[in-house]
């Protein structure tokens, strides 16, 4: 939809890494946690002498594209990276379970956990001149949950939302249908950034927030351009720059091809890129004039999800057979050159309540065991091509290939799955599809057996997004394995409602998901970001998205 191997530092370059909360210092890099933001400071004497300059345009190339400008609609990482600079949030995440003021100056939570009372900052205005007030917060949240918005993700973050009560211009109460402990974390995301109520009622949508940059232009499929908000006055707690952004303009170029994006950076066409190809990371780390940042991503690992609702994968024996057939460790090492950690769980290891013991339930690579499992499942025959057959049907699994949404050489991982599955008699079909077909026929229509996806979110509540039975893609969720488990539903509901029981409940989910082979974990995504060394003040938020309010260009 959108991770710890450490490379040696080479002369003139840095490699910043976030392994867990709090941030640890890395070789020749000072990395500190400030209001949930990773700040990588420049080593050497020039950092003390240089002073931020308020000028210049930064062009940043990203791997995906924009399908919608509305943060309430689009769920992609590209949209969040861009919108983080347009929209401020009510709160900022400062740790796994800690939050600090942003647009909300203060808040309290009722004893029953259902009512959150917020007091807003004074003197904040949207880019269109509309004042920030309690009514704007209500308009934003009501827009998110409105069925007409067709929210693809944001609505799932606040499933228990009932209403917002406006008490006066600066005070409001958000009422939930039941206690929901991930609520503050949800409010901290770009997906729930506060929008101008005037913009939300305009005939043609235009993203209008209170953030350090304002929307200027969208050339669909090519680029989006933002300009500095000269009157910016609402940075999150702990931000280094308390005033307007230093950059005049911020341009996001949509460049899906890894080699093209990397070449644009090293040739000086752009000043920064997301998704440095792992094969090129070591070269960039040793290349004078450039900086490499490496940050593990919290949330859901890059997993292959097995649709347990149809065909052969309804049988857990077949699901475990597929998991046993594939040598994930070898695939990840060969494709990503040690830059991405091999996954052993649905959650990445830096996500709160990650259960390291859950991996005991994971089917280990063992082709012979895979063959025995298929025999037990009744797939005992073989056809002329060596594929398993049962009741006259070949054991074929459909895994649609969506080029526009594929990154990080994941198509190579899929080919590895396909080749290794064939050795035990499982055929994996890879029909190439466009975006419309992928969404309508496969994600909504359910005509698939395998789907691959990762999802960044710094809270274990992402397990509810991925495995709660009602959270299918058609209902704005991430349950692409179409799991329908009363036990998992009970655990994620309990975890969201009762902090005292959350850790044990999330652990149970992680173990059950692996035991039932609803997923094959592959790797933990790592944000490999490259910049020219003229780019200073780079910071990353809790979801590992870069924030550009502090960034400036050295001469």
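Structure data summary
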{"item": "Subset of the stretch 176-205 (residues that are farther than 16 Å from residue 126 by Cβ and exposed (fewer than 15 other Cβ atoms within 10 Å of the Cβ))", "result": "177, 178, 203, 204"}
{"item": "Residue tally, condition farther than 19 Å from residue 173 by Cβ and surrounded by 15 or more Cβ atoms within 10 Å (Cβ to Cβ), over the stretch 94-130", "result": "10"}
{"item": "Filter result for the condition that a residue is modelled with pLDDT of 95 or more, crowded, with 21+ Cβ neighbours inside 10 Å and under 26 Å from the mean Cα position of the chain (by Cα), over 37, 82", "result": "82"}
{"item": "Total residues in the stretch 344-369, condition farther than 18 Å from residue 467 by Cα and either touching a helix residue (DSSP H, G or I) at 6+ places or on another chain (Cβ under 9 Å) or assigned to a helix (DSSP H, G or I) (or both)", "result": "11"}
{"item": "Any hit, the stretch 148-158, residues being in the same structural domain as residue 97 (by TED's automatic domain parsing), at pLDDT below 95 and over 22 Å from the mean Cα position of the chain (by Cα)", "result": "yes"}
{"item": "Residue 265 more than 24 Å from residue 372 (Cα to Cα), outside the structural domain of residue 346 (by TED's automatic domain parsing) and over 27 Å from the mean Cα position of the chain (by Cα)", "result": "no"}
{"item": "Single unsatisfied condition, residue 474 versus (1) crowded, with 20+ Cβ neighbours inside 10 Å; (2) in contact with a helix residue (DSSP H, G or I) (Cβ under 7 Å, 6 or more places away or on another chain)", "result": "(1)"}
{"item": "Every pair of residues 6+ apart whose Cβ atoms lie under 6 Å, when the first sits in the stretch 417-445 and is surrounded by fewer than 17 Cβ atoms within 10 Å (Cβ to Cβ) while the second is assigned to a strand (DSSP E or B)", "result": "429/396; 429/398; 430/401; 432/401"}
{"item": "Of all residues making up the stretch 243-265, the number that are outside any loop (DSSP other than H, G, I, E, B), crowded, with 18+ Cβ neighbours inside 10 Å and touching a strand residue (DSSP E or B) at 6+ places or on another chain (Cβ under 8 Å)", "result": "9"}
{"item": "Looking only at the stretch 273-298, and only at residues there that are in a strand (DSSP E or B) and touching a helix residue (DSSP H, G or I) at 6+ places or on another chain (Cβ under 7 Å), the one that is surrounded by the most Cβ atoms within 10 Å (Cβ to Cβ)", "result": "273"}
{"item": "Meets criteria (out of contact with any strand residue (DSSP E or B) (no Cβ under 6 Å at 6 or more places or on another chain) and either part of a loop (DSSP other than H, G, I, E, B) or buried (at least 17 other Cβ atoms within 10 Å of the Cβ) (or both)) for residue 240", "result": "yes"}
{"item": "Flag if residue 74 is assigned to a loop (DSSP other than H, G, I, E, B), over 17 Å from the mean Cα position of the chain (by Cα) and modelled with pLDDT under 90", "result": "no"}
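The values are calculated or read from the model by the stated rules, or taken from the named source; none is laboratory data. Treat the numbers as computed from the prediction; the structure is a model and nothing was measured. Using ideal geometry, Cβ is built from the backbone for each residue, glycine included, and neighbour counts are taken over all protein chains shown.
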